[in-house]
Amino acid sequence: MRSAYIQESVIISPLGFDTAQNFKQLQAGNSALRKTTLSASLGETVVAQLDEEALNNHFQALGVESFGSRMEKMSLAALMPIIQQRPITANSLLILSTTKGNIQALADQDIQGSFIPAMAKRIADYFAFQQEPLVISNACVSGLMALSVAKRFIQMEQVSDVYIIAVDELTPFVLSGFQSFQALSPENCRPYDQDRQGVNLGEAAVACYVSSVKEADSIRIAGDANINDANHISGPSRTGEGLYLSIQKALQEANLKAEDIDYVLAHGTATRYNDDMEAIAFHRAGLANCPTTSLKGYYGHTLGAAGLLEAVITAECLRRQFVLASLGYAHPGTTEPMHIQQETLAKEIKTALKTASGFAGTNTALILTTD
Amino acid sequence: MAELKELLKEQIIDVLNLEDITVADIQDNDPLFGEGLGLDSIDALELIVLLDKEYGIKLADPKQGKEIFSSIQTLAQFVEQNRTK
Amino acid sequence: MYYISQYIQLQAGTVLFNGNPFFQSEHSEFKGFAKELYQKLELQYPKFYKMDNLCKLAFLASEIILQGNQESDVALLFSNQEASLGSDLQHQAHIQDPEQYYPSPAVFVYTLPNISIGEVSIRHQFKSESMFLLADAYPSTYLLPYTQYLLASGKAKKVLCGWFRMQDDNYEACCYLVEKEGPIAHETQTIE
């Protein structure tokens with residue numbers, strides 16, 4: 001069976017408009033989280049928001065300023081630099097990952113405008129993809145699941161290569177919901193810390209190219225699984241079952257053991273129950289001593305973009321031989337002990353595990369390697 | 001107080017979509033969570049919204065909810081003492 | 001080669017199971033239809049009443065098609081066009097007016113289409129592969145090979161594929177179960 005490799009990526013986030021800029025900011029320990037008041041009803045929240053002026057300038061520089069909604073422009077801006085280097089073929093697949101798409105359209109009674117397949121089609125047509133776009137909306141694992149699905153379609157030889165866009169924006173729609181769940185942290189989030197108070201939300205658009213050809217900087221997707229907890233639609237599983245099984249199955253496919261994993265980039269939303277659930281699952285999987293980082297302290301939770309954002313950062317860590325500090329962590333505070341990475345430093349790493357978990361009990365685990 | 005308890009039962013059945021349950025099925029001292037009505041974490045959050053919307057009570061700390069929502073009796077007492085509308 | 005062992009269609013108050021009439025409701029609108037079908041199936045599952053319409057539709061269709069299923073490694077591949085539009089509109093209504101701003105957690109939790117996968121997984125205790133796809137029409141071009149892949153690679157023993165339309169009061173569920181044996185070949189013509 002063919003292998004699937006992660007090649008170039010572009011990250012449009014409050015920390016920069018390409019992957020290199022973003023990685024530099026992470027290495028410098030800079031967080032995009034700020035106190036902001038998006039609406040009077042929401043009050044003050046801590047979020048990672050794109051700077052509108054910088055974003056619009058970037059759209060203009062790319063010539064996409066008059067195309068569709070803000071989110072569609074973000075999507076084009078993310079994918080365009082990749083397509084310029086990697087022209088699409090008749091057999092190229094576009095995967096779009098988003099939890100809510102243009103949900104803001106509903107505030108203006110524009111129901112049609114909120115339909116995600118139509119948005120995907122507009123983006124696909126802009127780049128002249130000949131295949132129908134494949135749209136994944138699977139809560140907070142969507143972006144990582146998109147990579148898993150890309151790998152599988154390449155393995156089945158159904159497509160020549162895959163371009164993925166993972167995108168979500170900060171909206172009163174989603175913020176108000178998380179607020180009603182009392183899940184938002186009033187300060188910068190602190191994944192896995194004993195004093196963590198909840199999640200911060202963020203926004204980003206990420207694009208990534210996946211193909212079957214091994215190149216100098218390629219990172220191989222060695223194993224993957226997407227297993228449901230079958231436990232509760234919003235509460236994380238008390239046993240971490242779905243995440244544990246996802247990790248086991250991904251390891252099995254990669255023909256690896258827990259001790260072969262050098263680095264874990266986990267989900268780490270900084271809600272009490274999510275982080276405890278992960279601690280239990282990693283403990284069960286024999287990964288309690290493996291250096292583990294959550295990137296939510298840098299970007300907040302970018303929902304449908306998060307999985308891909310964090311996976312392409314994992315790929316960068318593997319390319320540059322670097323591990324990143326889990327921002328916001330000071331004191332252990334999960335039900336099972338974990339090894340949280342507290343410093344950013346150069347380190348020899350060959351194999352990394354990337355995980356994500358989300359509403360509906362959904363989990364994804366992906367194993368990435370340099371070989 | 002008796003009237004308030006009846007009203008709270010109706011409101012709980014309504015907002016939590018407890019279709020198979022009637023006001024007569026809920027005893028004042030029955031536990032609402034766990035064994036009793038079998039309510040879960042989302043229901044608890046929904047009851048917090050109910051307190052805000054109908055009675056003008058803002059519950060900032062969800063942990064507070066545990067005692068308040070232990071039965072209709074405790075809930076009605078809390079509402080009577082703290083309501084602003 | 002894989003086969004469709006069971007299939008079901010729910011629409012306008014009518015349920016066809018493996019092509020045969022299974023249930024006819026007095027109500028064609030969804031609320032009445034769903035409640036009547038729930039009662040006819042003699043289920044004791046109070047969580048059903050808390051679900052939004054999309055989840056109720058997926059739940060009921062799965063309930064019928066999985067009668068007699070003993071396998072727990074059943075992957076769920078669900079899809080539709082409008083995602084969780086019904087719950088999205090409800091949540092938007094709760095936050096639209098700053099004077100009447102009461103976002104409801106019980107509504108918000110359903111503003112993701114894949115919650116339907118969660119509900120069916122919980123009901124049948126499926127700790128299995130799953131995915132929710134959005135498309136203008138049933139994405140058979142992708143779901144056919146993806147289903148074969150899951151079965152051939154051993155990532156699932158059976159796959160339940162479904163299309164769940166829930167727009168206004170227009171509802172439609174088309175579901176089929178794919179496995180090693182069955183009366184119908186699993187190929188493009190049969191799933192369309």
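Coordinate-derived values only; no laboratory data. The shown structure was predicted, so the numbers you read here are calculated from the model rather than taken from an experiment. Note that we place each Cβ from the backbone using ideal geometry, even for glycine, and neighbour counts take in every protein chain shown.
Some values worked out for this structure:
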read-out: Candidate lysines for bridging to residue B:63, where Cα separation is under 20 Å - those fewer than 8 sequence places away on the same chain excluded; value: B:53
read-out: Cα shape, segment A:219-369, gyration tensor, a/c 1.5 rule; value: rounded
read-out: For residues of B:45-53, the mean tally of beta carbons on other chains within 10 Å; value: 4
read-out: Of A:46, A:141, A:167, the one that fluctuates the most in a GNM where chain A has Cα springs shorter than 10 Å; value: A:46
read-out: Alpha-carbon spread of chain A, three principal axes, descending order, Å; value: 54, 50, 39
read-out: Residue-count net charge about residue A:284 - beta-carbon cut-off 10 Å; Lys, Arg +1, Asp, Glu -1; value: -2
read-out: Linear extension gain, residue A:80 paired with residue A:217, 0.36 nm per residue minus alpha-carbon span; value: 47.3 nm
read-out: Top positive-direction residue, dipole computed over chain C with Cβ charges, set C:177, C:133, C:156; value: C:156
read-out: Angstrom value of the Kirkwood radius, inverse mean 1/r, which spans all Cα pairs in the protein assembly as shown; value: 25.0
read-out: Over segment A:161-299, volume per residue of the alpha carbon convex hull, in Å³; value: 141
read-out: Lys, Arg +1 and Asp, Glu -1 on Cβ, resulting dipole of segment A:220-371 about Cα centre, debye, nearest 20; value: 160
read-out: GNM flexibility winner over chain A from A:187, A:52, A:278 (Cα, springs under 10 Å); value: A:52
read-out: Dimensionless Rg over Rh [chain C; C-alpha; Kirkwood]; value: 0.98
read-out: Unit charges at the beta carbon, dipole of segment C:3-191: most positive-side option, C:93, C:147, C:109; value: C:147
read-out: Formal net charge of residues neighbouring residue B:82 (Cβ-Cβ distance under 15 Å; K, R +1; D, E -1); value: -1
read-out: Shape call, segment A:1-142: gyration tensor on alpha carbons, a/c limit 1.5; value: oblate
read-out: Surrounding net charge for residue A:20, when Lys and Arg each add one and Asp and Glu each subtract one, Cβ distance under 13 Å; value: -1
read-out: Long-range amide H partners of residue A:135 with built H, under 5 Å; value: A:96, C:134
read-out: Cβ-placed point charges (K, R +1; D, E -1), dipole of the protein assembly as shown about Cα centre in debye, nearest 20; value: 1540
read-out: Charge dipole magnitude, Cβ of K and R +1, D and E -1 - segment C:3-191, Cα centre, debye nearest 20; value: 600
read-out: Residue C:70-residue C:43 FRET efficiency (beta carbon distance; Förster radius 25 Å; 0.05 resolution); value: 0.85
read-out: Average other protein chain Cβ within 10 Å of Cβ, residues C:88-97; value: 5
read-out: Relative packing of peptides A:355-366, A:87-98 - highest average C-beta neighbours within 10 Å first; value: A:355-366, A:87-98
read-out: Most to least packed among A:336-345, C:181-190, C:167-176, C:104-113 [average Cβ atoms within 10 Å]; value: C:104-113, C:167-176, A:336-345, C:181-190
read-out: Å³ per residue enclosed by the Cα convex hull of segment A:1-57; value: 149
read-out: Cβ-based charge dipole, chain B, positive-most Cα from B:17, B:2, B:84; value: B:84
read-out: Exercise: per-residue mean of other protein chain Cβ atoms within 10 Å, A:127-136; value: 4
